[in-house]
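Enquirer: After the C-alpha coordinates below, expect a handful of questions from me.
The values are calculated or read from the model by the stated rules, or taken from the named source; none is laboratory data. Here the structure is a predicted model, which is why all the values come from computation and not from measurement. Quick reminder, even Gly has a Cβ in these numbers, built from the backbone with ideal geometry, and neighbours come from all protein chains shown. Accessible surface areas use protein heavy atoms only, side chains included; no ligands, DNA or RNA. Shrake-Rupley method; radii C 1.70, N 1.55, O 1.52, S 1.80 Å.
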Amino acid sequence: MKVFVVDNGGQWTHREWRVLRYLDVETKIVPNTTPLEELEVDGLVLSGGAPRVGLDADMMGNNGEYLEKAGFPILGICAGHQFMAIHFGGEAGPSGIPEFGRTQIEVDEEDELFEGLPKAFQGWESHNDEVTVLPEDFIGLAHSNNCKCQAMKYLKRPIYGVQFHPEVEHTEYGNDIFKNFLNVCEENR
Amino acid sequence: MFDASDFIDEAIEKVREEIDGKAVVATSGGVDSAVAAVIVSRAIGDNLLSVYVDTGLMRKGEKKQVASMLEDLDVNYEIVDAKDEFFEALKGVLDPEDKRMVIGGKFIKIFERKAKEIGAEYLVQGTIAPDWIESGGDLRDTIKSHHNVGALPEGMELKLVEPLRDLYKDEVRKVGRELGVTVSERQPFPGPALAIRILGEVTPEAAETARDACAIVEEEIEKSAENGDMELPWQYFAGLLPIRSVGVRGDIRAYGYTIFIRAVQSVDGMTASYSRIPHEVLDDISIRITNELPQVNRVVYDITNKPPGTIEWE
(Lines give C-alpha, C1' and ligand atoms only; values in the text may rest on other atoms or scores of the structure.)
Protein backbone atom coordinates (compact mmCIF):
# COMPACT_ATOMS: atom_id res chain seq x y z
CA MET A 1 0.00 0.00 0.00
CA LYS A 2 1.14 3.52 -0.76
CA VAL A 3 0.24 6.47 1.45
CA PHE A 4 2.06 9.77 1.06
CA VAL A 5 2.39 12.72 3.41
CA VAL A 6 1.68 16.19 2.06
CA ASP A 7 4.02 18.66 3.75
CA ASN A 8 2.31 21.81 4.95
CA GLY A 9 5.35 22.83 6.98
CA GLY A 10 4.52 21.06 10.25
CA GLN A 11 7.01 20.25 12.98
CA TRP A 12 5.70 16.69 12.91
CA THR A 13 5.35 16.06 9.15
CA HIS A 14 8.38 13.79 9.28
CA ARG A 15 6.87 11.94 12.26
CA GLU A 16 3.84 11.10 10.09
CA TRP A 17 6.24 9.66 7.53
CA ARG A 18 7.97 7.68 10.26
CA VAL A 19 4.75 6.21 11.65
CA LEU A 20 3.64 5.14 8.16
CA ARG A 21 7.05 3.63 7.47
CA TYR A 22 6.92 1.69 10.73
CA LEU A 23 3.53 0.36 9.66
CA ASP A 24 5.22 -1.02 6.52
CA VAL A 25 3.50 1.30 4.11
CA GLU A 26 5.31 2.72 1.09
CA THR A 27 5.52 6.40 1.93
CA LYS A 28 7.12 9.67 0.95
CA ILE A 29 6.89 13.31 2.00
CA VAL A 30 5.75 15.48 -0.92
CA PRO A 31 5.43 19.27 -1.17
CA ASN A 32 1.87 20.59 -1.07
CA THR A 33 2.36 21.99 -4.55
CA THR A 34 2.57 18.47 -6.04
CA PRO A 35 -0.05 18.12 -8.82
CA LEU A 36 -2.79 15.60 -7.99
CA GLU A 37 -2.04 13.60 -11.17
CA GLU A 38 1.41 12.79 -9.81
CA LEU A 39 -0.01 11.23 -6.67
CA GLU A 40 -0.57 7.58 -7.50
CA VAL A 41 -1.42 6.58 -3.95
CA ASP A 42 -3.96 4.65 -1.88
CA GLY A 43 -4.29 7.40 0.70
CA LEU A 44 -2.96 10.79 1.70
CA VAL A 45 -2.11 12.49 4.96
CA LEU A 46 -2.30 16.30 4.99
CA SER A 47 0.21 17.42 7.58
CA GLY A 48 -0.10 20.22 10.06
CA GLY A 49 1.89 23.33 9.47
CA ALA A 50 3.06 26.76 10.30
CA PRO A 51 0.46 28.31 7.96
CA ARG A 52 -2.48 29.70 9.88
CA VAL A 53 -5.01 28.45 7.41
CA GLY A 54 -7.60 31.07 8.14
CA LEU A 55 -5.07 33.79 7.45
CA ASP A 56 -2.90 32.39 4.69
CA ALA A 57 -4.78 29.71 2.81
CA ASP A 58 -2.65 30.41 -0.26
CA MET A 59 0.23 28.68 1.51
CA MET A 60 -1.76 25.46 1.51
CA GLY A 61 -0.87 24.75 -2.16
CA ASN A 62 -2.94 22.03 -3.79
CA ASN A 63 -4.59 20.74 -0.60
CA GLY A 64 -7.91 22.01 -1.92
CA GLU A 65 -7.58 20.09 -5.15
CA TYR A 66 -6.72 16.88 -3.29
CA LEU A 67 -9.79 17.28 -1.08
CA GLU A 68 -12.01 18.09 -4.06
CA LYS A 69 -10.98 15.44 -6.53
CA ALA A 70 -9.02 12.62 -4.88
CA GLY A 71 -10.42 9.12 -5.29
CA PHE A 72 -8.52 7.89 -2.23
CA PRO A 73 -9.01 8.45 1.53
CA ILE A 74 -7.50 11.52 3.17
CA LEU A 75 -6.53 12.23 6.77
CA GLY A 76 -6.00 15.90 7.57
CA ILE A 77 -4.03 16.74 10.71
CA CYS A 78 -4.11 20.09 12.54
CA ALA A 79 -3.68 22.73 9.78
CA GLY A 80 -4.71 20.02 7.29
CA HIS A 81 -7.88 19.44 9.33
CA GLN A 82 -8.66 23.15 9.67
CA PHE A 83 -8.13 23.78 5.97
CA MET A 84 -10.43 20.85 5.22
CA ALA A 85 -13.23 22.44 7.24
CA ILE A 86 -12.85 25.78 5.45
CA HIS A 87 -12.60 24.10 2.05
CA PHE A 88 -15.92 22.30 2.50
CA GLY A 89 -17.73 25.42 3.68
CA GLY A 90 -17.20 25.25 7.43
CA GLU A 91 -15.19 27.67 9.52
CA ALA A 92 -11.87 27.68 11.37
CA GLY A 93 -10.38 30.48 13.43
CA PRO A 94 -8.39 31.37 16.53
CA SER A 95 -9.01 29.08 19.50
CA GLY A 96 -10.55 30.58 22.60
CA ILE A 97 -8.03 28.61 24.60
CA PRO A 98 -5.27 27.15 22.40
CA GLU A 99 -3.97 23.74 23.46
CA PHE A 100 -0.32 22.73 23.77
CA GLY A 101 0.90 19.40 25.04
CA ARG A 102 -1.33 16.89 26.82
CA THR A 103 -5.10 17.07 26.39
CA GLN A 104 -7.82 14.58 27.13
CA ILE A 105 -9.54 13.53 23.90
CA GLU A 106 -13.16 12.40 24.35
CA VAL A 107 -14.49 10.22 21.55
CA ASP A 108 -18.12 10.96 20.64
CA GLU A 109 -18.44 8.70 17.59
CA GLU A 110 -16.17 5.70 17.28
CA ASP A 111 -16.55 5.36 13.51
CA GLU A 112 -13.68 3.61 11.65
CA LEU A 113 -11.04 6.08 12.83
CA PHE A 114 -11.34 5.39 16.56
CA GLU A 115 -12.35 1.75 16.26
CA GLY A 116 -11.13 -0.30 19.21
CA LEU A 117 -9.97 2.77 21.16
CA PRO A 118 -11.16 3.77 24.61
CA LYS A 119 -13.74 6.56 24.90
CA ALA A 120 -11.10 8.88 26.34
CA PHE A 121 -7.35 9.00 25.86
CA GLN A 122 -4.41 11.42 26.02
CA GLY A 123 -3.73 13.35 22.85
CA TRP A 124 -0.82 15.73 22.32
CA GLU A 125 -1.70 19.13 20.86
CA SER A 126 -0.08 22.22 19.42
CA HIS A 127 -2.54 24.64 17.87
CA ASN A 128 -3.55 28.29 17.86
CA ASP A 129 -6.57 27.81 15.56
CA GLU A 130 -9.35 25.25 15.42
CA VAL A 131 -12.48 24.24 13.51
CA THR A 132 -15.31 26.40 14.84
CA VAL A 133 -18.14 25.43 12.46
CA LEU A 134 -18.42 21.97 10.89
CA PRO A 135 -19.06 21.96 7.14
CA GLU A 136 -22.29 20.48 5.81
CA ASP A 137 -22.24 16.68 5.57
CA PHE A 138 -19.51 16.44 8.20
CA ILE A 139 -19.97 14.93 11.65
CA GLY A 140 -17.82 15.54 14.71
CA LEU A 141 -16.11 12.44 16.10
CA ALA A 142 -14.32 13.76 19.18
CA HIS A 143 -13.86 16.81 21.39
CA SER A 144 -11.78 18.05 24.32
CA ASN A 145 -12.51 20.43 27.14
CA ASN A 146 -11.35 23.48 25.23
CA CYS A 147 -11.93 22.40 21.64
CA LYS A 148 -15.27 21.25 20.28
CA CYS A 149 -13.90 19.61 17.16
CA GLN A 150 -10.95 17.30 17.83
CA ALA A 151 -11.94 15.01 14.96
CA MET A 152 -14.43 15.04 12.10
CA LYS A 153 -15.54 12.95 9.17
CA TYR A 154 -17.02 13.67 5.77
CA LEU A 155 -20.15 11.59 5.24
CA LYS A 156 -19.88 11.42 1.45
CA ARG A 157 -16.28 10.23 1.03
CA PRO A 158 -13.58 8.69 3.26
CA ILE A 159 -12.12 12.00 4.42
CA TYR A 160 -11.16 12.61 8.06
CA GLY A 161 -9.71 15.46 10.04
CA VAL A 162 -8.07 15.48 13.48
CA GLN A 163 -6.97 18.49 15.49
CA PHE A 164 -4.62 16.58 17.82
CA HIS A 165 -1.50 14.76 16.63
CA PRO A 166 -1.75 10.98 16.38
CA GLU A 167 1.76 10.88 14.87
CA VAL A 168 3.71 11.86 18.00
CA GLU A 169 4.98 9.45 20.62
CA HIS A 170 3.17 11.16 23.47
CA THR A 171 -0.31 10.66 21.98
CA GLU A 172 -1.85 7.44 23.25
CA TYR A 173 -3.17 5.06 20.59
CA GLY A 174 -1.72 7.24 17.84
CA ASN A 175 -0.47 4.18 15.98
CA ASP A 176 -3.93 2.60 16.21
CA ILE A 177 -5.49 5.68 14.66
CA PHE A 178 -3.05 5.43 11.76
CA LYS A 179 -3.75 1.69 11.46
CA ASN A 180 -7.48 2.42 11.34
CA PHE A 181 -6.91 5.00 8.64
CA LEU A 182 -4.83 2.48 6.67
CA ASN A 183 -7.72 0.00 6.97
CA VAL A 184 -9.97 2.59 5.37
CA CYS A 185 -7.37 3.00 2.59
CA GLU A 186 -7.22 -0.77 2.16
CA GLU A 187 -11.01 -1.08 1.89
CA ASN A 188 -11.05 1.70 -0.65
CA ARG A 189 -8.44 0.17 -2.99
CA MET B 1 9.71 -1.39 11.29
CA PHE B 2 13.18 0.12 11.48
CA ASP B 3 16.01 -2.32 10.81
CA ALA B 4 19.35 -0.94 12.03
CA SER B 5 21.46 -3.44 10.18
CA ASP B 6 19.75 -2.75 6.82
CA PHE B 7 20.11 0.95 7.50
CA ILE B 8 23.86 0.59 8.08
CA ASP B 9 24.40 -1.34 4.85
CA GLU B 10 22.45 1.17 2.80
CA ALA B 11 24.09 4.16 4.49
CA ILE B 12 27.62 2.85 3.88
CA GLU B 13 26.77 2.19 0.26
CA LYS B 14 25.38 5.69 -0.16
CA VAL B 15 28.35 7.37 1.50
CA ARG B 16 30.70 5.49 -0.83
CA GLU B 17 28.83 6.93 -3.79
CA GLU B 18 28.71 10.40 -2.26
CA ILE B 19 32.31 10.90 -1.13
CA ASP B 20 35.11 10.98 -3.62
CA GLY B 21 38.35 11.57 -1.72
CA LYS B 22 38.84 12.83 1.80
CA ALA B 23 36.35 14.02 4.40
CA VAL B 24 36.27 15.66 7.80
CA VAL B 25 33.69 14.59 10.37
CA ALA B 26 32.50 17.02 13.01
CA THR B 27 32.55 15.11 16.31
CA SER B 28 30.90 16.36 19.49
CA GLY B 29 31.22 13.38 21.79
CA GLY B 30 27.55 12.61 21.39
CA VAL B 31 25.90 9.61 19.83
CA ASP B 32 24.84 11.20 16.51
CA SER B 33 28.26 12.33 15.38
CA ALA B 34 29.92 9.16 16.68
CA VAL B 35 27.54 6.98 14.68
CA ALA B 36 27.98 9.14 11.59
CA ALA B 37 31.76 8.89 12.00
CA VAL B 38 31.71 5.10 12.21
CA ILE B 39 29.44 4.72 9.18
CA VAL B 40 31.61 7.02 7.08
CA SER B 41 34.83 5.46 8.30
CA ARG B 42 33.46 2.03 7.29
CA ALA B 43 32.80 3.50 3.87
CA ILE B 44 36.02 5.44 3.20
CA GLY B 45 38.45 4.20 5.88
CA ASP B 46 41.49 6.36 6.50
CA ASN B 47 40.26 9.09 4.20
CA LEU B 48 38.23 10.32 7.16
CA LEU B 49 39.52 12.70 9.82
CA SER B 50 37.43 13.18 12.93
CA VAL B 51 37.65 16.67 14.45
CA TYR B 52 36.55 17.54 17.96
CA VAL B 53 36.45 21.21 18.85
CA ASP B 54 37.01 22.13 22.48
CA THR B 55 34.82 25.23 22.70
CA GLY B 56 35.24 25.72 26.43
CA LEU B 57 31.52 25.09 26.66
CA MET B 58 31.55 21.35 27.12
CA ARG B 59 30.48 19.27 30.07
CA LYS B 60 32.81 18.34 32.90
CA GLY B 61 35.44 15.82 31.86
CA GLU B 62 34.16 15.86 28.29
CA LYS B 63 37.49 16.27 26.52
CA LYS B 64 38.96 13.20 28.18
CA GLN B 65 35.83 11.21 27.51
CA VAL B 66 35.76 12.23 23.87
CA ALA B 67 39.43 11.33 23.40
CA SER B 68 38.84 7.88 24.81
CA MET B 69 35.70 7.47 22.70
CA LEU B 70 37.58 8.40 19.55
CA GLU B 71 40.31 5.91 20.47
CA ASP B 72 37.63 3.24 20.87
CA LEU B 73 36.06 4.10 17.54
CA ASP B 74 39.39 3.55 15.88
CA VAL B 75 39.12 6.58 13.60
CA ASN B 76 41.74 9.23 12.84
CA TYR B 77 41.08 12.18 15.06
CA GLU B 78 42.28 15.58 16.13
CA ILE B 79 41.23 17.77 19.03
CA VAL B 80 41.25 21.51 18.35
CA ASP B 81 41.48 23.92 21.27
CA ALA B 82 39.28 26.89 20.38
CA LYS B 83 38.15 28.08 23.81
CA ASP B 84 39.41 31.64 23.48
CA GLU B 85 38.07 31.96 19.97
CA PHE B 86 34.55 30.96 21.06
CA PHE B 87 34.40 33.13 24.18
CA GLU B 88 35.71 36.07 22.19
CA ALA B 89 33.07 35.61 19.49
CA LEU B 90 30.29 35.27 22.07
CA LYS B 91 31.13 38.48 23.89
CA GLY B 92 28.03 40.64 24.24
CA VAL B 93 25.82 38.17 22.35
CA LEU B 94 22.52 37.80 24.21
CA ASP B 95 19.91 36.64 21.71
CA PRO B 96 19.60 32.82 21.47
CA GLU B 97 19.44 32.81 17.66
CA ASP B 98 22.48 35.12 17.42
CA LYS B 99 24.38 32.78 19.73
CA ARG B 100 23.54 29.81 17.55
CA MET B 101 24.66 31.67 14.41
CA VAL B 102 27.96 32.72 15.98
CA ILE B 103 28.66 29.16 17.12
CA GLY B 104 27.61 27.54 13.84
CA GLY B 105 29.85 29.94 11.94
CA LYS B 106 32.84 29.34 14.22
CA PHE B 107 32.51 25.58 13.92
CA ILE B 108 32.49 25.74 10.13
CA LYS B 109 35.56 28.01 10.06
CA ILE B 110 37.49 25.46 12.07
CA PHE B 111 36.29 22.52 9.99
CA GLU B 112 37.16 24.38 6.79
CA ARG B 113 40.64 25.01 8.15
CA LYS B 114 41.13 21.34 8.96
CA ALA B 115 39.66 20.24 5.64
CA LYS B 116 42.06 22.49 3.78
CA GLU B 117 44.99 21.05 5.70
CA ILE B 118 44.23 17.52 4.60
CA GLY B 119 42.71 18.37 1.21
CA ALA B 120 39.14 17.30 2.03
CA GLU B 121 36.08 18.59 0.21
CA TYR B 122 33.44 16.98 2.38
CA LEU B 123 32.11 17.67 5.85
CA VAL B 124 30.29 14.81 7.54
CA GLN B 125 27.79 15.77 10.21
CA GLY B 126 25.61 13.74 12.56
CA THR B 127 22.54 15.80 11.62
CA ILE B 128 19.30 14.04 12.58
CA ALA B 129 15.67 14.79 11.75
CA PRO B 130 14.83 17.23 14.57
CA ASP B 131 17.86 19.37 13.61
CA TRP B 132 16.58 20.25 10.16
CA ILE B 133 12.92 20.19 11.14
CA GLU B 134 13.39 22.76 13.91
CA SER B 135 15.79 24.84 11.82
CA GLY B 136 12.87 25.58 9.49
CA GLY B 137 12.87 26.81 5.91
CA ASP B 138 10.20 27.24 3.21
CA LEU B 139 6.85 26.65 4.88
CA ARG B 140 8.33 25.43 8.16
CA ASP B 141 8.85 27.96 10.90
CA THR B 142 12.26 28.29 12.55
CA ILE B 143 11.97 27.07 16.12
CA LYS B 144 15.72 27.21 16.67
CA SER B 145 18.60 27.26 14.20
CA HIS B 146 20.54 24.11 14.91
CA HIS B 147 24.28 24.80 14.61
CA ASN B 148 24.70 22.11 11.97
CA VAL B 149 21.79 23.19 9.74
CA GLY B 150 20.22 26.61 10.18
CA ALA B 151 23.37 28.24 11.54
CA LEU B 152 25.68 27.22 8.69
CA PRO B 153 27.30 30.31 7.22
CA GLU B 154 26.54 31.46 3.68
CA GLY B 155 29.15 30.72 1.06
CA MET B 156 30.47 27.66 2.83
CA GLU B 157 32.41 25.52 0.42
CA LEU B 158 32.49 22.11 2.04
CA LYS B 159 29.98 19.61 0.68
CA LEU B 160 27.78 18.21 3.41
CA VAL B 161 27.32 14.49 3.99
CA GLU B 162 24.64 13.64 6.52
CA PRO B 163 23.90 9.92 6.66
CA LEU B 164 21.48 10.19 9.62
CA ARG B 165 19.18 12.95 8.33
CA ASP B 166 16.02 10.87 8.45
CA LEU B 167 16.62 9.31 11.85
CA TYR B 168 15.52 10.32 15.34
CA LYS B 169 17.57 9.78 18.49
CA ASP B 170 16.02 6.41 19.36
CA GLU B 171 16.86 5.11 15.90
CA VAL B 172 20.40 6.49 16.00
CA ARG B 173 20.86 4.62 19.29
CA LYS B 174 19.71 1.39 17.65
CA VAL B 175 22.22 1.93 14.84
CA GLY B 176 24.91 2.80 17.41
CA ARG B 177 24.30 -0.39 19.36
CA GLU B 178 24.48 -2.40 16.17
CA LEU B 179 27.82 -0.75 15.37
CA GLY B 180 29.13 -1.22 18.91
CA VAL B 181 29.44 2.50 19.59
CA THR B 182 29.89 2.84 23.33
CA VAL B 183 28.30 6.29 23.67
CA SER B 184 24.99 5.07 22.21
CA GLU B 185 23.17 5.41 25.52
CA ARG B 186 24.57 8.85 26.37
CA GLN B 187 21.91 11.48 26.93
CA PRO B 188 21.51 14.10 24.18
CA PHE B 189 23.70 17.18 24.42
CA PRO B 190 23.17 20.18 22.14
CA GLY B 191 25.77 21.24 19.58
CA PRO B 192 26.07 24.81 20.91
CA ALA B 193 26.70 23.10 24.24
CA LEU B 194 26.51 25.11 27.47
CA ALA B 195 26.13 28.36 25.49
CA ILE B 196 22.41 27.72 25.20
CA ARG B 197 22.14 26.69 28.86
CA ILE B 198 23.47 30.08 29.88
CA LEU B 199 20.73 32.61 29.33
CA GLY B 200 22.25 35.97 28.65
CA GLU B 201 25.93 36.55 27.95
CA VAL B 202 28.24 33.55 27.73
CA THR B 203 31.39 34.19 29.74
CA PRO B 204 34.01 31.74 31.04
CA GLU B 205 32.64 32.30 34.58
CA ALA B 206 29.05 31.62 33.52
CA ALA B 207 30.22 28.50 31.66
CA GLU B 208 31.96 27.30 34.82
CA THR B 209 28.76 27.75 36.85
CA ALA B 210 26.57 26.02 34.29
CA ARG B 211 29.09 23.19 33.91
CA ASP B 212 29.30 22.59 37.66
CA ALA B 213 25.52 22.71 38.06
CA CYS B 214 25.04 20.30 35.14
CA ALA B 215 27.52 17.90 36.67
CA ILE B 216 25.68 17.94 40.00
CA VAL B 217 22.33 17.31 38.32
CA GLU B 218 23.79 14.44 36.29
CA GLU B 219 25.50 12.86 39.30
CA GLU B 220 22.50 13.06 41.61
CA ILE B 221 19.98 11.85 39.04
CA GLU B 222 22.16 9.01 37.82
CA LYS B 223 22.80 7.93 41.41
CA SER B 224 19.08 7.94 42.23
CA ALA B 225 18.24 6.05 39.07
CA GLU B 226 20.86 3.45 39.87
CA ASN B 227 19.41 3.10 43.37
CA GLY B 228 16.01 2.50 41.83
CA ASP B 229 14.53 5.69 43.32
CA MET B 230 13.50 6.98 39.91
CA GLU B 231 13.54 6.24 36.21
CA LEU B 232 16.50 7.73 34.37
CA PRO B 233 15.06 10.63 32.34
CA TRP B 234 15.66 10.89 28.60
CA GLN B 235 17.57 14.11 29.20
CA TYR B 236 18.52 15.92 32.42
CA PHE B 237 20.62 19.00 33.00
CA ALA B 238 20.90 22.42 34.59
CA GLY B 239 20.95 25.91 33.15
CA LEU B 240 21.98 29.31 34.45
CA LEU B 241 19.50 32.18 34.53
CA PRO B 242 20.72 35.78 34.59
CA ILE B 243 18.18 36.50 37.32
CA ARG B 244 19.40 37.34 40.78
CA SER B 245 17.44 37.06 43.95
CA VAL B 246 17.97 37.78 47.61
CA GLY B 247 19.09 35.12 50.02
CA VAL B 248 20.75 34.75 53.37
CA ARG B 249 24.00 32.87 53.82
CA GLY B 250 25.62 32.72 57.22
CA ASP B 251 23.57 35.62 58.59
CA ILE B 252 24.69 37.75 55.67
CA ARG B 253 22.53 39.04 52.84
CA ALA B 254 23.22 37.27 49.58
CA TYR B 255 22.22 38.32 46.06
CA GLY B 256 22.90 35.41 43.75
CA TYR B 257 21.99 33.77 40.48
CA THR B 258 19.34 31.17 39.69
CA ILE B 259 19.89 27.66 38.40
CA PHE B 260 17.06 25.79 36.73
CA ILE B 261 16.86 22.02 36.57
CA ARG B 262 15.36 20.44 33.48
CA ALA B 263 14.57 16.73 33.07
CA VAL B 264 12.24 15.21 30.50
CA GLN B 265 10.87 11.93 29.22
CA SER B 266 10.90 11.55 25.46
CA VAL B 267 11.58 9.06 22.68
CA ASP B 268 12.59 11.27 19.79
CA GLY B 269 12.92 14.77 21.23
CA MET B 270 9.94 16.00 19.19
CA THR B 271 7.54 15.80 22.12
CA ALA B 272 8.51 15.62 25.78
CA SER B 273 6.94 15.59 29.20
CA TYR B 274 8.73 16.81 32.28
CA SER B 275 10.09 14.07 34.51
CA ARG B 276 8.41 13.33 37.81
CA ILE B 277 11.59 13.50 39.85
CA PRO B 278 11.06 12.58 43.52
CA HIS B 279 11.24 15.63 45.79
CA GLU B 280 14.01 13.99 47.81
CA VAL B 281 16.21 13.96 44.71
CA LEU B 282 15.36 17.56 43.84
CA ASP B 283 16.16 18.49 47.42
CA ASP B 284 19.59 16.83 47.26
CA ILE B 285 20.35 18.63 44.00
CA SER B 286 19.22 21.97 45.38
CA ILE B 287 21.30 21.63 48.53
CA ARG B 288 24.42 20.63 46.64
CA ILE B 289 24.11 23.42 44.08
CA THR B 290 23.47 26.18 46.60
CA ASN B 291 26.22 24.91 48.89
CA GLU B 292 28.88 24.12 46.33
CA LEU B 293 28.27 27.14 44.10
CA PRO B 294 28.37 30.30 46.21
CA GLN B 295 27.25 32.47 43.28
CA VAL B 296 23.91 30.62 43.16
CA ASN B 297 21.30 31.04 45.85
CA ARG B 298 18.16 29.75 44.19
CA VAL B 299 17.24 26.56 42.33
CA VAL B 300 14.01 25.98 40.40
CA TYR B 301 12.56 22.98 38.59
CA ASP B 302 11.07 23.35 35.12
CA ILE B 303 7.68 21.62 34.81
CA THR B 304 6.95 22.50 31.16
CA ASN B 305 6.17 19.93 28.48
CA LYS B 306 7.18 20.14 24.82
CA PRO B 307 5.14 21.69 23.30
CA PRO B 308 4.80 24.44 24.32
CA GLY B 309 8.33 24.51 25.76
CA THR B 310 11.35 23.07 24.00
CA ILE B 311 13.69 20.79 25.94
CA GLU B 312 16.58 23.25 26.03
CA TRP B 313 15.80 26.85 26.99
CA GLU B 314 17.35 28.55 23.96
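Enquirer: How big is the charge dipole of the range B:248-298 about its Cα centre, in debye rounded to the nearest 20, if each Lys and Arg gets +1 on its Cβ and each Asp and Glu gets -1 on its Cβ?
Expert: Here the size comes out at about 200 debye.
Enquirer: Chains B and A: how much accessible area gets covered up at their contact, both sides added, probe 1.4 Å, in Å² to the nearest hundred?
Expert: Protein heavy atoms only, the B-A interface buries about 2100 Å².
Enquirer: Of all the accessible heavy-atom surface of the range A:3-187, with the other protein chains kept in place and a 1.4 Å probe, what percent is carbon and sulfur?
Expert: Using a 1.4 Å probe with all protein chains present, the range A:3-187 comes out at 44 percent carbon and sulfur.
Enquirer: Farthest toward the dipole's positive end in chain B, which of B:Ala36, B:Ala151, B:Ala120, given Cβ charges of +1 (Lys, Arg) and -1 (Asp, Glu) about the Cα centre?
Expert: Sorting the options by dipole projection puts first B:Ala151.
Enquirer: Hey, another quick one. Is there a quick way to get the dipole size of chain B? I mean about its Cα centre, with the Cβ of Lys and Arg at +1 and of Asp and Glu at -1; what is the value in debye to the nearest 20?
Expert: Result for chain B is approximately 840 debye, rounded to the nearest 20.
Enquirer: Any lysines with Cα under 16 Å of the B:Lys114 Cα? List them, leaving off those in the same chain fewer than 8 positions away.
Expert: Cross-link targets: B:Lys22, B:Lys106, B:Lys159.
Enquirer: What share of Cα pairs, in percent, lie more than 43 angstrom apart in the protein assembly as shown?
Expert: Result: 22 percent of Cα pairs exceed 43 Å.
Enquirer: Suppose every Lys and Arg Cβ carries +1 and every Asp and Glu Cβ carries -1, with no other charges. What dipole size does the protein assembly as shown come out with about its Cα centre, to the nearest 20 debye?
Expert: Here the protein assembly as shown has a charge dipole of around 1260 debye.
Enquirer: Please report how many Lys pairs in chain A have alpha carbons closer than 30 angstrom, counting only residues at least 8 apart along the chain or sitting on separate chains.
Expert: Value for chain A: 22.
Enquirer: Right, something else. Out of the total accessible area of chain B (probe 1.4 Å, heavy atoms of protein only), what percent is carbon and sulfur?
Expert: 47
Enquirer: What helices in chain B pass both tests, a Cα length along the helix axis of 18 Å or more and a mean Kyte hydropathy of 0.5 or higher, using whole DSSP H runs?
Expert: Membrane-span-like by this criterion, though nothing is claimed about a membrane: B:31-44.
Enquirer: First check a/c for the range A:3-187, with a ≥ b ≥ c the square roots of the eigenvalues of its C-alpha gyration tensor; if it is under 1.5, answer rounded, and if not, answer prolate when a/b is larger than b/c or oblate otherwise.
Expert: Taking the square roots of the gyration eigenvalues as a ≥ b ≥ c, the range A:3-187 is rounded.
Enquirer: For the protein assembly as shown, with the dipole built from +1 on Lys and Arg beta-carbon atoms and -1 on Asp and Glu ones, taken about the Cα centre, which of B:Ser286, A:Phe178, B:Gly191 lies farthest toward the positive end?
Expert: B:Ser286
Enquirer: What does the average come to when, for each residue of peptide A:163-169, you count the partner chain Cβ atoms lying within 10 Å of its Cβ?
Expert: Neighbouring Cβ atoms belonging to other protein chains average 3 per residue here.
Enquirer: Do you know which residues of the range A:2-49 lose at least 20 square angstrom of accessible area in the protein assembly compared with their chain on its own, with a 1.4 angstrom probe?
Expert: Buried-area filter returns A:Asp7, A:Gly9, A:Gln11, A:Trp12, A:His14, A:Arg15, A:Trp17, A:Arg18, A:Arg21, A:Tyr22.
Enquirer: Could you give the nm distance between label points at B:Lys60 and A:Lys148, where each point is 7 Å from its Cα heading toward the beta carbon?
Expert: Result: 5.6 nm between the two label points.
Enquirer: Over the range A:61-125, give the accessible area per residue in Å² for a 1.4 Å probe, as an integer.
Expert: Averaged over the residues of the range A:61-125, the accessible area is 39 Å².
Enquirer: In a shell of Cβ-Cβ distance under 9 Å around B:Thr127, excluding B:Thr127 itself, what net charge do Lys and Arg (+1) and Asp and Glu (-1) give?
Expert: Here the count lands on -2.
Enquirer: Name the trypsin sites (Lys or Arg not before Pro) in the range B:66-164 that are in a loop by DSSP and that have at most 11 other C-beta atoms within 10 Å, would you?
Expert: B:Lys91
Enquirer: Which positions within the range B:112-149 get 40 Å² or more of their accessible surface covered by the other protein chains, compared to the chain by itself, with a 1.4 angstrom probe?
Expert: So the qualifying set is B:Leu139, B:Arg140.
Enquirer: For chain A, with the dipole built from +1 on Lys and Arg beta-carbon atoms and -1 on Asp and Glu ones, taken about the Cα centre, which of A:Pro135, A:Pro73, A:Val53 lies farthest toward the positive end?
Expert: My answer, from the dipole projection, is A:Val53.
Enquirer: If you don't mind, there's one more thing I want to ask. With a point put 7 Å past each Cα toward its Cβ, work out how far B:Leu94 is from B:Glu231 in nm, to one decimal.
Expert: Once both label points are built, they end up 4.0 nm from each other.
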